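What follows is a single structure, written as structure tokens, with notes after it.
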């Protein structure tokens, strides 16, 4: 009986509360509103490079915010605009990106010559961003290793390794990849280092990471564009950040720390065994200085 009375009383109280909870006399009651979903303005981070082959070619990795695929409606090089020449690739399921890939017709006259200012523009979400860079020719704006020459690629243990190369007129700096074999006391340990210089020479110390250097390969990449160590890119506008470069092709050499009884013949500018692409060196620089 008590249970029935309690249940009846509870129902009465609930009805009274519901009856008295109108829009005018219940400030704490939630108001009914229309839900509006605003479009997300996804900033694009774009890293890539442009070059002459001798026709213009550009390849750019475009990342969105928070692991989202960036929205790109179209992009253009110079006066050209395209909405079709890109593909979606995945580094990891939580870090997708869009790869922009475009080249002009392989018939002269071409839109740019070496040393010209080339412009790339990306549009999306009614916004845009543009980057301008001095464009290099992949075949013409090349450098050659000067030091070491073919006869002095061997240095005594404990010495520094000297590298130098010819200057490229339109290059602004030189990306460098070092692949060094280090003496661990047991099995040689191989490690890559990425750096850059505005000069045409680079010195490798006799020890790195507290280990003696046994051998060092070097790739030198003539480049134009933002300083890799600077946080500033060269994209302008309200939609794109990042860095656009221009490159030619790499020059290669090797120096080994060995004694006179261990002389090793080394071919200068022979990359047949261990080639390096401009993209891999730029990626190494980005990971080193980000």
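The values are calculated or read from the model by the stated rules, or taken from the named source; none is laboratory data. Keep in mind that this is a model prediction, so the values were computed, not measured. Here the Cβ is made from the backbone with ideal geometry for all residues, glycine too, and neighbour counts use every protein chain on show.
Residues of the range 187-210 that are over 12 Å from residue 175 (Cα atoms) and not in a strand (DSSP E or B): 187, 188, 205, 206, 209, 210. Of all the criteria given as (1) at pLDDT 90 or above; (2) farther than 18 Å from residue 63 by Cα, the one not satisfied by residue 147 is (1). Counting only strands (runs of 3 or more DSSP E) that fall entirely inside the range 211-264 and contain at least 2 residues that are within 26 Å of residue 181 (Cα to Cα) and modelled with pLDDT of 95 or more, the qualifying elements are 211-224.
Residues checked against (1) at pLDDT 95 or above; (2) outside the structural domain of residue 202 (by TED's automatic domain parsing); (3) surrounded by 12 or more Cβ atoms within 10 Å (Cβ to Cβ); (4) at positive phi:
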position: 79; (1), (2), (3), (4): no, yes, no, no
position: 82; (1), (2), (3), (4): no, yes, yes, no
position: 87; (1), (2), (3), (4): no, yes, no, no
position: 96; (1), (2), (3), (4): no, yes, yes, no
position: 101; (1), (2), (3), (4): no, yes, yes, no
position: 104; (1), (2), (3), (4): no, yes, yes, no
position: 107; (1), (2), (3), (4): no, yes, no, no
position: 119; (1), (2), (3), (4): yes, yes, yes, no
position: 126; (1), (2), (3), (4): no, yes, no, yes
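When residue 161 is tested against (1) crowded, with 20+ Cβ neighbours inside 10 Å; (2) at pLDDT 95 or above, only condition (2) is not met.
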